[in-house]
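One structure is given below, encoded as structure tokens.
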Amino acid sequence: MQCSRQRLWFGNSGFSLNLIAASVLCLCLAMMCGCKVGPDFKRPQSQMPAGWLGAEATQGAANEQELISWWSKFDDPNLTSLIERAVKTNLDLRLAESRILQSRASLGIATSSLWPNANLSGSYTRSHSVSSTSAGRTTTNSNLYIAGLDSLWELDFFGGNRRGVEAAQADVEAAVRDKQSVMVTLASEVALNYINLRGYQQQIAIVQQNLKAQMHSADLTHQRFEGGFVSSLDVANANAQVASTSSQIPLLESSARQTIYNLSVLLGQEPAALLDELMPASKIPVVRLDGPTVPAGVPSDLLRRRPDIRRAEAQIHAATARIGVAASDLFPKLSLSGSASLQGSNASSLTKWKNLNWSLGPSASWQLFSGRQVQSNIELQKALKDESFITYQQTVLTALQEVENALVASTKEQEHRTALIEAVTNNRKAVELSTKLYTEGQTDFLNVLTAQGALYSSEDALVQSNRTVSTNLVALYKALGGGWQSD
């Protein structure tokens with residue numbers, strides 16, 4: 001059989017039905033046993049460290065169930081409710097679900113190339129013709145009814161279509177992993193915003209508490225000024241401190257309200273939807289454990305837990321398969337074609353087998369010259385595969401860095417918080433002592449101002465540290481890929 005750009009037809013002349021059936025069977029068996037051109041996908045190998053530098057106590061196996069719903073460790077019903085609602089209503093997550101449906105539809109399109117295409121057609125033609133003869137003019141009317149079936153099956157000898165299906169399947173996998181990655185990010189974003197909100201509310205409470213003490217000191221200073229015991233300088237300093245502390249409240253209230261707006265949008269609602277629910281102040285959610293707070297496991301667990309790593313791996317698979325799709329253009333395209341039609345001058349003739357015309361046979365086409373188009377496409381797909389592999393390596397390194405950063409930040413912030421607790425305790429004693437000495441006239445007002453300022457600063461810093469301890473924990477859970485059910 002000669003291969004060319006033209007399709008070669010073998011119809012019903014000279015071939016028996018048995019020979020045609022045998023030919024079809026042989027072609028199908030050859031296609032089923034045919035090879036697939038292009039490289040086969042191999043799971044990328046990554047050099048992973050044996051353990052984490054930041055937390056030797058967490059070297060054991062990761063607790064899968066704890067990572068799936070890590071927010072329950074904070075024991076805050078409001079936080080749990082917000083995350084569960086966000087998973088149902090977040091718009092980014094709905095976009096990711098839509099992309100999964102798109103990729104699955106694309107897989108269906110790719111799979112259809114493995115099956116025959118058949119088209120059913122029918123037509124009716126009414127003809128009227130006039131001819132002139134020596135005897136005069138003759139008029140002829142005729143009807144033509146046609147019903148036909150055409151079929152074409154590209155026999156995937158060299159696996160180009162199967163490689164296309166393989167690539168589409170990998171695209172579905174990537175889309176699923178992308179949705180899981182969105183879930184991981186969504187849970188952490190809701191938790192971070194919620195913790196920040198409670199932090200702002202506690203900062204407001206600290207400001208109001210210190211403001212009350214400072215206003216009391218200002219009243220005391222006014223009384224001592226009226227009694228002639230202090231100068232107007234003390235009064236001015238006291239009033240200035242009250243005004244300075246009071247100025248912090250609007251900024252914190254603005255930050256708190258904007259954080260509620262963020263949470264509302266994360267839940268797919270209008271910005272003000274959660275104001276009534278979240279405006280009442282509450283404590284910062286914390287995890288109180290005597291041992292390691294997070295079962296970090298070993299670094300190699302990230303290759304299974306992190307959905308962004310698995311998405312990058314699926315993208316390598318898709319890019320590898322597309323090399324085979326491109327390489328298949330170097331080989332002949334083999335097809336099996338067939339057609340059958342019934343035709344006659346009236347509708348009843350379409351029911352008579354004697355009016356059947358049919359043809360069946362293989363055809364081939366081979367692109368012999370394309371100005372290096374095929375070769376260039378193969379080189380392009382190889383470069384895209386190399387790019388996806390580099391992206392995979394970057395994703396793995398970023399994941400390792402995020403875990404190490406979260407571990408060291410969590411450890412050091414605990415030390416910072418311990419020091420701040422001691423500072424707050426000592427500053428409270430200093431405020432009490434300086435106020436007492438000032439009331440007795442044994443020290444000047446500058447010492448009171450200094451002590452009160454130090455107390456406010458240390459209490460505010462402690463609230464921020466409490467918030468950071470919790471946000472660092474959230475960052476660690478996110479870095480470990482927590483927030484979705486692995487398979």
Query - Scan of region 127-142 for residues that are surrounded by 10 or more Cβ atoms within 10 Å (Cβ to Cβ) and at pLDDT below 80, ordered by number - result: T138
Report summary line: Checked L330, L336 against criteria (at pLDDT below 90 and among the aliphatic types (A, V, I, L, M)); the one match is L336
Requested in this report: Could you please find all residues in region 335-372 being of a type outside the set (F, W, Y) and in a helix (DSSP H, G or I)?
Outcome: A347, S348, S349, L350, T351, K354, N355
Query raised in the report: Is region 390-400 home to any residue that is farther than 30 Å from M48 by Cβ, surrounded by fewer than 17 Cβ atoms within 10 Å (Cβ to Cβ) and modelled with pLDDT of 95 or more?
Result: no
Report task. Determine which member of the set A347, A383, A364 is loosely packed, with under 14 Cβ neighbours inside 10 Å, under 30 Å from N119 (Cβ atoms) and among the aliphatic types (A, V, I, L, M). Result -> A347
Query raised in the report: Can we say F369 is of a type in the set (F, W, Y) and within 30 Å of A312 (Cβ to Cβ)?
Result: no
Query raised in the report: With T471, T450, T395 as the choices, which residue is assigned to a helix (DSSP H, G or I), of a type in the set (V, I, T), in the same structural domain as N239 (by TED's automatic domain parsing) and more than 42 Å from the chain's Cα centre (by Cα)?
Result: T450
**Report entry** Unmet requirement for S151, which otherwise passes all of (1) part of a helix (DSSP H, G or I); (2) under 51 Å from the mean Cα position of the chain (by Cα); (3) at pLDDT below 95; (4) of a type in the set (G, A, S)
**Finding:** (1)
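From L446, L455, L420, which residue is over 17 Å from N210 (Cβ atoms), aliphatic (A, V, I, L, M) and out of contact with any Phe, Trp or Tyr (no Cβ under 9 Å at 6 or more places or on another chain)?
Exactly one residue qualifies, and that residue is L446.
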Query - Answer from Y145, Y124 - the residue that is surrounded by 17 or more Cβ atoms within 10 Å (Cβ to Cβ), outside the structural domain of V325 (by TED's automatic domain parsing) and in contact with a Leu (Cβ under 8 Å, 6 or more places away or on another chain) - result: Y145
Query - One residue from L263, L289 being assigned by TED's automatic domain parsing to the domain that holds Q209 and either modelled with pLDDT of 95 or more or crowded, with 18+ Cβ neighbours inside 10 Å (or both) - result: L263
Query raised in the report: Right, A118: closer than 30 Å to V172 by Cβ and modelled with pLDDT under 90 or not?
Result: yes
Query raised in the report: Out of (1) farther than 21 Å from L446 by Cα; (2) of a type in the set (F, W, Y); (3) surrounded by fewer than 21 Cβ atoms within 10 Å (Cβ to Cβ), what's the single condition that is false for Y200?
Result: (3)
Requested in this report: Sort out which residues of region 187-197 are of a type in the set (A, V, I, L, M, F, W, C) and surrounded by fewer than 22 Cβ atoms within 10 Å (Cβ to Cβ), and write them in order of number.
Outcome: L192
Query raised in the report: Just to be sure, is Y438 in contact with an Asp or Glu (Cβ under 8 Å, 6 or more places away or on another chain) and either in a helix (DSSP H, G or I) or not assigned by TED's automatic domain parsing to the domain that holds L220 (or both)?
Result: yes
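The values are calculated or read from the model by the stated rules, or taken from the named source; none is laboratory data. The shown structure was predicted, so the numbers you read here are calculated from the model rather than taken from an experiment. So basically every Cβ, Gly included, is an ideal-geometry build from the backbone, and we count neighbours across all protein chains shown.
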